[in-house]
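The values are calculated or read from the model by the stated rules, or taken from the named source; none is laboratory data. Every value quoted in this text rests on a predicted model; they were computed, and no experiment measured them. Here the Cβ positions follow ideal geometry from the backbone for every residue, glycine too, while neighbour counts run over all protein chains shown.
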């Protein structure tokens with residue numbers, strides 16, 4: 001979501017009412033808790049919020065029907081936590097993380113920062129894994145992993161989100177014991193994207209990127225029931241990605 005206040009003016013609350021999910025992970029909320037729209041508050045969901053130090057920037061949140069056992073803000077690394085990029089909700093049998101990965105920016109201006117964030121996040125995930133619960137890392141990874149994950153891979157070889165270093169990290173991450181739940185259940189799916197540029201009306205032509213993921217630890221992949229992309233849901237340049245586990 002590009003700002004929860006903007007999304008609320010474009011149908012977010014109506015969609016939340018209809019979707020009936022147990023947990024919602026939001027990224028780039030661009031708001032502090034005292035700025036949450038009243039319409040969202042009236043839904044009666046438990047709110048877990050982590051904002052950036054810089055006002056109106058970044059920020060992540062988790063809305064849930066059940067109250068979490070514990071909330072962890074950040075990944076214990078102030079270099080990245082100051083940007084409000086990860087929040088974790090602990091439940092009886094799982095940890096659910098809402099993560100907003102940095103954008104590597106034009107000409108890879110922030111690629112070192114992004115890869116540093118990725119490494120730090122992995123260290124944090126290893127700490128969580130010691131508790132022997134399922135771990136779901138949901139969010140905007142700002143990475144299209146393979147050519148099938150964006151409409152025009154050949155012309156985007158040097159574009160942020162598809163840089164070789166980013167794709168390499170994503171491959172290493174998955175090989176280290178993580179499952180891309182959508183690709184696990186839809187290995188041959190094409191033309192399925194979660195983000196489209198608003199500047200070029202790319203959504204009308206489905207010229208998109210799949211950069212939003214629900215990844216789960218390898219030991220828990222047997223819990224996956226459904227994983228899909230809600231690309232008919234409007235209101236943002238991203239669309240929701242859905243995961244159901246048992």
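Assorted remarks:
- Among the residues of segment 31-68, those identified as surrounded by fewer than 18 Cβ atoms within 10 Å (Cβ to Cβ) and closer than 17 Å to residue 80 by Cβ are 53, 54, 57.
- Residue, farthest from residue 219 (Cα to Cα), within segment 153-186, restricted to residues that are within 20 Å of the chain's Cα centre (by Cα) and assigned to a loop (DSSP other than H, G, I, E, B): 159
- Residue match in segment 116-133 (condition: touching a helix residue (DSSP H, G or I) at 6+ places or on another chain (Cβ under 8 Å) and farther than 20 Å from residue 100 by Cα): no
For (1) more than 24 Å from residue 99 (Cβ to Cβ); (2) exposed (fewer than 11 other Cβ atoms within 10 Å of the Cβ); (3) out of contact with any strand residue (DSSP E or B) (no Cβ under 7 Å at 6 or more places or on another chain); (4) touching a residue at least 40 places away in the same chain (Cβ under 8 Å), each residue gets a yes or a no:
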position: 150; (1), (2), (3), (4): no, no, no, yes
position: 156; (1), (2), (3), (4): no, no, no, no
position: 167; (1), (2), (3), (4): no, no, yes, no
position: 172; (1), (2), (3), (4): no, no, yes, no
position: 182; (1), (2), (3), (4): no, no, no, yes
position: 188; (1), (2), (3), (4): yes, yes, yes, no
position: 194; (1), (2), (3), (4): no, no, no, yes
position: 200; (1), (2), (3), (4): yes, yes, yes, no
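- In segment 1-12, residue modelled with the lowest pLDDT [restricted to those that are over 21 Å from residue 67 (Cβ atoms) and under 19 Å from the mean Cα position of the chain (by Cα)]: 1
- Candidates are the residues of segment 231-246 that are out of contact with any helix residue (DSSP H, G or I) (no Cβ under 8 Å at 6 or more places or on another chain) and free of Cβ contacts under 8 Å to residues at least 40 places away in the same chain; the one that is surrounded by the most Cβ atoms within 10 Å (Cβ to Cβ) is 231.
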